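The values are calculated or read from the model by the stated rules, or taken from the named source; none is laboratory data. Small disclaimer: the values here were computed from a predicted structure and weren't measured. Cβ placement follows ideal geometry from the backbone for every residue including glycine, while neighbour counts extend to all protein chains displayed.
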Amino acid sequence: MSKNPLILLTFALALTGCAATIDQTGLEQRTAQAIGRSVGQFTITDRTEETGGRINYTVQTQDRKTYRCYLYGATGFQRAMSFGQTPHSDAICTPTVTGQGGAAVKGSAASAPAAPADGRPCNALLRAAGRC
């Protein structure tokens, strides 16, 4: 008879072990850092969670810029096994291109010069840094 509470506890932990444990405030703070805006200058919509703690969502800023973002939140099981020391990941956000014709995103290869001034060949890192 004393095994009943243990079985129920184990079952309850199994059900909550896969969901991410990050709250809305933590999600907003990580998103603000990722997109370079202050908390309150954007809204989070279309939030979905995958097994394993990945959270996918859309961000809309006040000036109508849209980002697709994700982060990994520590699951209940991960937090329990690490005594609450498992951190959540940073948010990863990608600006979405809107409008017809696929307008170029600022800093893309189409708007950058062909090579850096010192004659080095241009690569993806230099293009991303706006140096070629």
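Of all residues in region 28-57, those satisfying the criterion of being surrounded by fewer than 16 Cβ atoms within 10 Å (Cβ to Cβ) and closer than 14 Å to THR96 by Cβ are THR45, ASP46, ASN56. Return a yes/no flag: does region 55-71 have any residue that is assigned by TED's automatic domain parsing to the domain that holds GLN24, within 19 Å of the chain's Cα centre (by Cα) and modelled with pLDDT under 80. Within region 55-71, not a single residue is assigned by TED's automatic domain parsing to the domain that holds GLN24, within 19 Å of the chain's Cα centre (by Cα) and modelled with pLDDT under 80.
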